[in-house]
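Structure, as structure tokens:
The values are calculated or read from the model by the stated rules, or taken from the named source; none is laboratory data. Values in this document were obtained by computation on a predicted structure and should not be read as measured data. Cβ sites come from the backbone with ideal geometry, for glycine too, and all protein chains shown count toward neighbours.
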Amino acid sequence: MRKSTISYREAAIVAAICFGLFIFWSIEAVFAGFPNARVSDSGFGWMIGLEITLASVALIYLNARGFDVASLYPKPSVKGSLLGLGLFVLAWLIGMIAISPLSNPSNPQVIEFSHSGLSLSAVVPFAMVNGAFEEVFLLGVLLRGLRGHGLAVAVGLPLLVRVLYHLYQGPLGAVWVLVFGVTFSLIYVRGLQLWPPVLAHILWDIVPFMASAA
């Protein structure tokens, strides 16, 4: 019988495999003074390859540890897609409310991303891979796997990992990520369905690009 829970040690190893490098880069950006990021089609292609490689290593490890890897496949459905769309809108609205008291027009504290040379044909596949990669391992593995240690641990530790590897986005960006992470986690805890948060994350990656290109 394959298991759906993991130990603290297994959680730490999965987090290190999937997100350790990104956390290092994120902290490095903090010490560098939050430099503005430049994104490109080739950069997104490189990131897709990296995330697929890290995911493969993590899944091999989890399978060897007896984890129910097959359960990590997000199962798209009409109902789940509608829930994912609603989750995206809900998280976005809550995020806007959360950062509005913190916003300062003279010092927005939001890291600018240069989209010059970036195409929708690169953004969409990146969003699909990135959305699945993050939510499958943060929610499907870490949150679900740690639930035997209590809800606070199961939600809190993956949330900490999520915020740490998004620190490069600046203070307000970190608040955005925190709000999205809490919202995604609470919705996932209620139904343990991966597709809605995966779809919401995909939209999170695509919509800002489309808005900036409009």
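For the reader, a short list of remarks on this structure follows.
- Residue satisfying condition, being touching a Ser or Thr at 6+ places or on another chain (Cβ under 8 Å), aliphatic (A, V, I, L, M) and within 23 Å of residue 16 (Cβ to Cβ), within set 146, 178, 160: 146
- So residue 48, is it of a type in the set (A, V, I, L, M), in a helix (DSSP H, G or I) and within 14 Å of residue 125 (Cβ to Cβ): yes
- Hits in region 69-95 - residues which are within 26 Å of residue 21 (Cβ to Cβ) and part of a loop (DSSP other than H, G, I, E, B): 73, 74
- Residue within region 54-62 that is more than 19 Å from the chain's Cα centre (by Cα) and surrounded by 13 or more Cβ atoms within 10 Å (Cβ to Cβ) present: yes
- Candidates are the residues of region 34-53 that are in contact with a strand residue (DSSP E or B) (Cβ under 8 Å, 6 or more places away or on another chain) and not charged (D, E, K, R); the one that is surrounded by the fewest Cβ atoms within 10 Å (Cβ to Cβ) is 36.
Let's see how each residue does on (1) under 17 Å from the mean Cα position of the chain (by Cα); (2) assigned to a loop (DSSP other than H, G, I, E, B); (3) within 24 Å of residue 58 (Cα to Cα):
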position	(1), (2), (3)
6	no, yes, yes
11	yes, no, yes
14	yes, no, yes
19	yes, no, yes
23	yes, no, yes
27	yes, no, yes
30	no, no, no
34	no, yes, no
42	no, no, no
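- Among the residues of region 99-117, at least one is touching a Phe, Trp or Tyr at 6+ places or on another chain (Cβ under 9 Å), under 11 Å from residue 172 (Cβ atoms) and modelled with pLDDT of 65 or more.
- Region 63-84 residues that are over 18 Å from residue 183 (Cα atoms), paired with ones that are exposed (fewer than 13 other Cβ atoms within 10 Å of the Cβ) (beta carbon under 7 Å, 6 or more apart): 66/2; 66/3; 67/2; 67/3; 68/2; 68/3
- Cβ-Cβ under 6 Å pairs, at least 6 apart or on other chains, region 25-44 side on the phi > 0 side of the Ramachandran plot, far side at pLDDT 80 or above: 34/170
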